[in-house]
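Throughout, read-outs are computed from the coordinates displayed, never taken from laboratory work. Being a predicted model, the structure only gives us computed values, none of them experimental. Note that each Cβ is placed from the backbone with ideal geometry, even for glycine, and that neighbours are counted across all protein chains shown.
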């Protein structure tokens, strides 16, 4: 990292009971967007880890050189460490954090359950990918940012720019993950904002139609993409705690 950590971007850890929750933030964001949810899990007695993904939380220049392999590798390491000291583990994610959550659940059938908030799992149209590839071919390495899609009008703390090559690596990962969604057999709590200006709500439908485990759906009528910081934040937290308590019960 070449730049200092942004305000509220530091990772979060909390020691708690025998069951754990891994919390995953999104693309160009940082733990600030998920801190309240992580703290709610901790207050409910769970052992919690909210990592900072490589290239995030400092400057977009630090993210330019990173890719899905870096973030997925960090998520795998964080999960392995938490699972090594907990009896059962739930994974929760927002946006790309939802992509990582699904990727882990497809690989680890022992995961007790997953909580998804506006997950990015539906591969975008070829025309969109071609547009991004065309921009990159001109030598551009970034476009305007996608952060702070919040109905309350507060800042998320995400980067003001979106790096192109990392974005393309995320899209490639979504394409690889799509046919493996059926490998997700654990219970799923799926929270979706109908007014999402970053990830189409159809991404949630795409996921719900393909996973093999039971899906509990929650509609976030008042919130935009970063719903964990928006009007429905408290409902997400309560539903997530109730879900995690249920799926980790003896």
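Quick look at the numbers
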quantity: Rg followed by Dmax, in Å, when the range 190-240 is reduced to its Cα trace; calculated: 10.9, 31
quantity: For the range 1-116: relative contact order, % (alpha-carbon pairs under 8 angstrom, 6 or more apart); calculated: 31 percent
quantity: Å³ per residue enclosed by the Cα convex hull of the range 65-168; calculated: 133 Å³
quantity: MRE, 222 nm, helices only [DSSP H, n ≥ 4, -39500 (n - 2.57), over the chain, to nearest 500]; calculated: -11000 deg cm²/dmol
quantity: Order of 197, 56 - criterion: other Cβ atoms within 10 Å of each residue's Cβ, fewest first; calculated: 197, 56
quantity: Cβ-based exposure ranking for 88, 246, in which fewest neighbours within 10 Å come first; calculated: 246, 88
quantity: Counting DSSP beta bridges with both ends in the chain, the antiparallel % (nearest 5); calculated: 20 percent
quantity: Degrees, to the nearest 10: 164-177 long Cα axis against longest axis of the chain; calculated: 50 degrees
quantity: Taking 233, 217 and counting other C-beta atoms within 10 Å, the order from fewest to most; calculated: 217, 233
quantity: In Å, descending, principal axis extents of the Cα set of the range 1-119; calculated: 38, 28, 26
quantity: Mean separation of Cα contacts under 8 Å, 6 or more apart, over the residue count of the range 12-247: relative contact order %; calculated: 22 percent
quantity: Selected from 76, 130, 161 as most flexible by GNM, with the chain as the system and alpha-carbon contacts under 10 Å; calculated: 130
quantity: The chain: translational diffusion in µm²/s, Stokes-Einstein, Kirkwood Rh over Cα pairs, 37 °C, 0.692 mPa s; calculated: 185 µm²/s
quantity: Two-decimal log10 I(q)/I(0) for the range 101-250, as the Debye equation yields it once each C-alpha is a single scatterer, q = 0.08, 0.11, 0.21 Å⁻¹; calculated: -0.25, -0.47, -1.35
quantity: Principal-axis tilt of helix 233-247 within the chain, Cα atoms, nearest 10 degrees; calculated: 50 degrees
quantity: Reduced Cα scattering model of the range 95-142, Debye log10 I(q)/I(0), q = 0.14, 0.25, 0.33 Å⁻¹; calculated: -0.52, -0.87, -1.09
quantity: Protection proxy ranking, peptides 63-71, 6-14, average beta carbon neighbours within 10 Å, highest first; calculated: 63-71, 6-14
quantity: Length-normalised contact order of the range 124-232 in % [C-alpha pairs under 8 Å, at least 6 apart]; calculated: 28 percent
quantity: Listed residues 214, 54, 123, most fluctuating in the chain (Gaussian network, C-alpha, under 10 Å); calculated: 214
